[in-house]
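Read the structure below first, then the notes.
The values are calculated or read from the model by the stated rules, or taken from the named source; none is laboratory data. Owing to the predicted nature of the structure, the values given are computational and were not obtained by experimental measurement. Methodologically, a virtual Cβ is constructed for each residue, glycine included, from the backbone with ideal geometry; neighbour enumeration extends over all protein chains shown. All accessible areas refer to the heavy atoms of the entire protein, side chains included, with ligands and DNA or RNA removed. Shrake-Rupley method; radii C 1.70, N 1.55, O 1.52, S 1.80 Å.
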Amino acid sequence: MAYEYMNWWLSGWPGAFIARQGYYISNPQRSSSYLEQSEWDYWYNGKPAGQPLKGPDGNISVQRGQVRSGKAIRIALVMSPYGIPPCQPTIIPCKNGMNL
């Protein structure tokens, strides 16, 4: 049962759902097919909203032109010699001098 839940949680739909609340999931690539391109660009690429975006409740939560305060997510996973990703993402410097 636990594996079924974990597989569902990582399937993509839950990641898209929480993205619309401003949260990230560990495997965003699976969520991309559940988000419109304008949502992906806003939530993950840090671009201005190309159109009004709905939240998980179906109401408009982001106005056209609005920019996400957290900017784009920039996570690089560095593989260990054993091919296992680390538990923590590698910190990447952003253009504005802040690190993610």
Every residue from the stretch 1-10 that is assigned to a loop (DSSP other than H, G, I, E, B) and open to solvent by 70 Å² or more (accessible area, probe 1.4 Å):
1
Restricting to the stretch 27-61, what's the tally of residues that are open to solvent by 70 Å² or more (accessible area, probe 1.4 Å), part of a loop (DSSP other than H, G, I, E, B) and of a type outside the set (S, T, N, Q)?
4
I need the full set of residues from the stretch 1-45 which are within 10 Å of the chain's Cα centre (by Cα) and small (Gly, Ala, Ser), in order please.
15, 16, 19, 22, 26, 31, 32
Show the residue pairs meeting these rules: Cβ distance below 9 Å; 6+ apart or different chains; first residue within the stretch 11-25 and under 21 Å from residue 51 (Cβ atoms) and open to solvent by 70 Å² or more (accessible area, probe 1.4 Å); second residue among the hydroxyl-bearing types (Ser, Thr, Tyr) and not in a helix (DSSP H, G or I).
21/61
Reported set for the stretch 62-75 where residues are among the β-branched types (Val, Ile, Thr), open to solvent by 50 Å² or more (accessible area, probe 1.4 Å) and under 14 Å from the mean Cα position of the chain (by Cα) is 75
